[in-house]
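Take a look at the structure below.
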Amino acid sequence: MTTVIGGSAPSITFSDSTTQSTAALPLTGGQLSGNLTFASGTNGIIFNNSSATTNSTLNDYETGTWTPTLLGSSSNPTVTYNSANKGTYTKIGNLVFVQCFFRFSSFSGGSGSAFIGGLPFTAASNSTNGTIAPSEWSASFPSSSSYPIIGGEFSNAGSYITLLRNGAATSGTSIAISNLSSTDTYLLFSGSYIATF
């Protein structure tokens, strides 16, 4: 690899025994103003850690949006969503950070445990994949003095979140579709999980 810093056309040149390509990265005010693109999705930036070369390669960064959906473990309901219903994500390597304003206006039907579906990436097969941290939820969410906290956990090898009720002295218990109010209901949360990679 040859790096040219000075001159009229600063650039970084990558070469191998058969081909050579140049990524033109003009300098503006002492900073690179172009993009550096790798040839395939498995290539990336390797940090100086000789004991774990594969695990030290950063080869994915992505941001975007996702659409949360209300699902049932046995059957899915028919849902009318509020226009505010939306989610965003940032993926760095195999770690996915999500933020979400989950909101529906009404629903009918459905059965089993209540899930929030539509996650942007499938979770890895990992029994400790992570939980969501809700900051606000509507009074229409089912809660009680025994289970005052609404929460959730990311699925194992799936693309959904299982909704839970939690208490100070009790473990989390899943929320059934039948426990949800069929009128305006919302949940504002953030969380992170390990995705398949």
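The values are calculated or read from the model by the stated rules, or taken from the named source; none is laboratory data. Worth saying up front: this structure is predicted, and the values here are computed from it rather than measured. All Cβ positions, glycine included, derive from the backbone under ideal geometry; neighbour counts span all protein chains shown.
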When the range 88-104 is examined, which residues are found to be free of Cβ contacts under 8 Å to residues at least 60 places away in the same chain and of a type outside the set (S, T, Y)? I92
When (1) within 16 Å of P68 (Cα to Cα); (2) of a type outside the set (F, W, Y); (3) touching a helix residue (DSSP H, G or I) at 6+ places or on another chain (Cβ under 7 Å) are applied to P142, the one that fails is (1)
Has the range 89-97 got at least one residue that is basic (K, R), modelled with pLDDT of 85 or more and surrounded by 15 or more Cβ atoms within 10 Å (Cβ to Cβ)? yes
Got a sec? Which of N126, N82, N156 is more than 20 Å from T69 (Cβ to Cβ) and surrounded by fewer than 20 Cβ atoms within 10 Å (Cβ to Cβ)? N126
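Yes or no: F121 under 18 Å from the mean Cα position of the chain (by Cα) and outside any loop (DSSP other than H, G, I, E, B)? Steps first, answer last, please.
Values: under 18 Å from the mean Cα position of the chain (by Cα): yes; outside any loop (DSSP other than H, G, I, E, B): no.
The answer is no for F121.
Quick one: is I177 within 15 Å of T69 (Cβ to Cβ), more than 22 Å from the chain's Cα centre (by Cα) and among the aliphatic types (A, V, I, L, M)?
Details: within 15 Å of T69 (Cβ to Cβ): yes; more than 22 Å from the chain's Cα centre (by Cα): yes; among the aliphatic types (A, V, I, L, M): yes.
Yes: the conditions hold for I177.
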